[in-house]
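Undergrad: Questions regarding the structure given below will be posed in turn.
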Number of protein chains: 2
Amino acid sequence: MGNSVHLKEGSPEPAAVAKGVLRVYGMKFCPYVHRLKLVLAAKEVAHETININLKSKPKWYFAKNPQGKVPTIEIDGNVIYESDITSEYVDAVYPGRKLSTTDALKAANEKMLLVYWGNKSVTNFYKYCMAKPDDKEAKDAALATLKEGLEYLATFLKKNGSVFICGSQPGLTDYFLYPHLERINAIVPAVDLKQIPKVKTYFDQMQEDKAVKSCRFSDELHREFGRKAVAGDIGAYDIGPVAQ
Amino acid sequence: MGNSVHLKEGSPEPAAVAKGVLRVYGMKFCPYVHRLKLVLAAKEVAHETININLKSKPKWYFAKNPQGKVPTIEIDGNVIYESDITSEYVDAVYPGRKLSTTDALKAANEKMLLVYWGNKSVTNFYKYCMAKPDDKEAKDAALATLKEGLEYLATFLKKNGSVFICGSQPGLTDYFLYPHLERINAIVPAVDLKQIPKVKTYFDQMQEDKAVKSCRFSDELHREFGRKAVAGDIGAYDIGPVAQ
């Protein structure tokens with residue numbers, strides 16, 4: 001996932017990216033960066049990674065991305081950001097396995113799944129994490145809606161009839177949905193995928209994917225990051241494996 | 001824009017859509033439906049329209065779209081929703097002028113513009129409209145951020161060097177951005193496009209487009225709808241031209 005120390009306010013700007021080299025600005029535990037990293041791994045696209053401390057952003061980073069978010073990619077003077085936009089760009093211009101479908105109806109169905117998943121499971125995963133530990137009502141409400149997204153995913157997979165959302169191999173939509181599923185499974189104790197067998201099977205099959213394996217953090221590391229991030233710990237980004 | 005009376009809770013469900021016919025579920029003043037209607041007009045795609053009263057939704061509509069939003073399209077048993085997803089589907093499967101680009105970098109730049117426009121101008125257009133009339137602080141804050149989106153659009157158009165976002169003719173991104181620009185120009189008195197000449201020229205050029213003309217409501221009608229919608233008037237949807 002790119003294990004370099006996260007640059008923060010005051011960190012000098014890295015040297016300009018070399019010609020022909022793809023640079024990713026990311027954050028080690030960010031599920032949106034995770035999407036792009038899965039796409040890069042699945043297509044075996046060589047790249048370098050600069051990690052950004054999101055609680056203390058270097059000023060120079062805003063010249064790359066005016067909203068200061070990650071991921072951002074940079075290649076030969078072109079700068080692109082947003083997880084879906086960067087991933088679609090990479091899928092379009094780099095060789096390797098094509099991850100998106102050219103079937104318009106299939107593409108529409110996959111995008112609708114992602115919207116529903118986003119509104120139900122992703123939004124409420126964050127609500128669940130940010131609710132005060134003793135606010136049982138808020139936690140329960142978030143959890144109930146989060147589970148609607150999981151049930152919807154189960155229904156989609158059943159109707160779809162294939163192992164993965166995109167077919168017999170994971171595709172763009174699998175790599176867009178999976179990062180939050182990995183975190184929900186690791187961090188939310190009240191979610192037990194065994195109770196939603198279709199999603200459990202899907203999750204288990206994703207664990208066998210080479211790209212997923214190459215970006216996988218342990219559930220315990222996700223939990224540790226979650227605890228520290230919610231507490232506002234500025235050093236949370238550099239836990240786990242760190243390259244010097 | 002489809003001027004039939006908006007169906008509400010208790011309205012009977014329309015007869016099933018005929019084979020090969022494209023049906024749009026919409027709302028006459030909705031900027032997201034406007035996006036799709038512009039795409040359909042530009043491609044000259046024949047379709048029928050069922051309007052939905054968004055403040056009193058018929059129960060049967062949730063079987064079409066679980067979130068109850070518009071637009072939704074239905075054709076030969078397939079149901080698709082979300083303004084961008086429906087529009088991209090229509091552009092992909094119907095004949096007529098191709099509205100999206102196959103240039104991956106151009107596509108990425110256009111999508112980033114839409115994200116920025118959405119975060120700055122669209123979100124703050126609604127914040128501006130919903131702020132209490134005497135809450136000058138909230139109105140001013142929304143207005144300032146809304147204008148950042150307009151300035152960004154001006155910079156984009158300048159760098160782009162073409163009349164429209166998509167080139168010498170309006171394309172998908174123009175039709176995605178324009179509906180809120182039409183409403184901002186009509187409804188927000190403190191926005192004077194003449195002060196942002198690049199955007200003013202763009203807006204004026206869009207007025208000449210056949211699709212834009214065919215979906216255009218007067219500024220006064222937009223203002224009347226805005227006033228009534230903010231006041232929660234359930235009959236607001238059926239102002240202006242109504243087909244019987």
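The values are calculated or read from the model by the stated rules, or taken from the named source; none is laboratory data. These numbers come from a predicted model, not from an experiment. A quick note on method: Cβ atoms are made from the backbone with ideal geometry, for glycine too, and the neighbour counts reach across all protein chains shown.
Quick grid of which residues meet (1) outside the structural domain of A:C30 (by TED's automatic domain parsing); (2) among the polar types (S, T, N, Q); (3) closer than 28 Å to A:G96 by Cα:
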| position | (1), (2), (3) |
| --- | --- |
| A:L150 | yes, no, no |
| A:N160 | yes, yes, yes |
| A:G167 | yes, no, yes |
| A:P197 | yes, no, no |
| A:C215 | yes, no, yes |
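Undergrad: Here is a further query. Looking at A:G20, is it over 26 Å from A:G235 (Cβ atoms), within 13 Å of chain B (Cβ to nearest Cβ) and out of contact with any Leu (no Cβ under 6 Å at 6 or more places or on another chain)?
TA: For A:G20, the condition - over 26 Å from A:G235 (Cβ atoms), within 13 Å of chain B (Cβ to nearest Cβ) and out of contact with any Leu (no Cβ under 6 Å at 6 or more places or on another chain) - is not met.
Undergrad: Please go through segment B:111-122 and give me each residue that is at the interface with chain A (Cβ under 9 Å from one of its Cβ atoms) and either out of contact with any helix residue (DSSP H, G or I) (no Cβ under 8 Å at 6 or more places or on another chain) or charged (D, E, K, R) (or both), ordered by number.
TA: Residue satisfying the conditions is B:K111 alone.
Undergrad: With the structure loaded, tell me whether B:Y237 is aromatic (F, W, Y), out of contact with any His (no Cβ under 8 Å at 6 or more places or on another chain) and within 19 Å of B:H34 (Cα to Cα) or whether it fails that test.
TA: no
Undergrad: Within segment B:91-110, restricting attention to residues that are in contact (Cβ under 8 Å) with a residue 60 or more places away in the chain and within 10 Å of another protein chain (Cβ to nearest Cβ), which residue is nearest to B:F156 (Cα to Cα)?
TA: By that ranking, first place goes to B:E110.
Undergrad: Can you tell me which residue within segment A:63-86, out of those that are assigned to a helix (DSSP H, G or I) and facing chain B (nearest Cβ under 10 Å), is surrounded by the most Cβ atoms within 10 Å (Cβ to Cβ)?
TA: Only one residue tops the list, namely A:T86.
Undergrad: Filter segment B:1-23 for residues that are surrounded by fewer than 13 Cβ atoms within 10 Å (Cβ to Cβ) and more than 21 Å from B:A41 (Cβ to Cβ) and give the result.
TA: Across segment B:1-23, the qualifying residues are B:E9, B:G10, B:P12, B:A15, B:A16, B:A18, B:K19.
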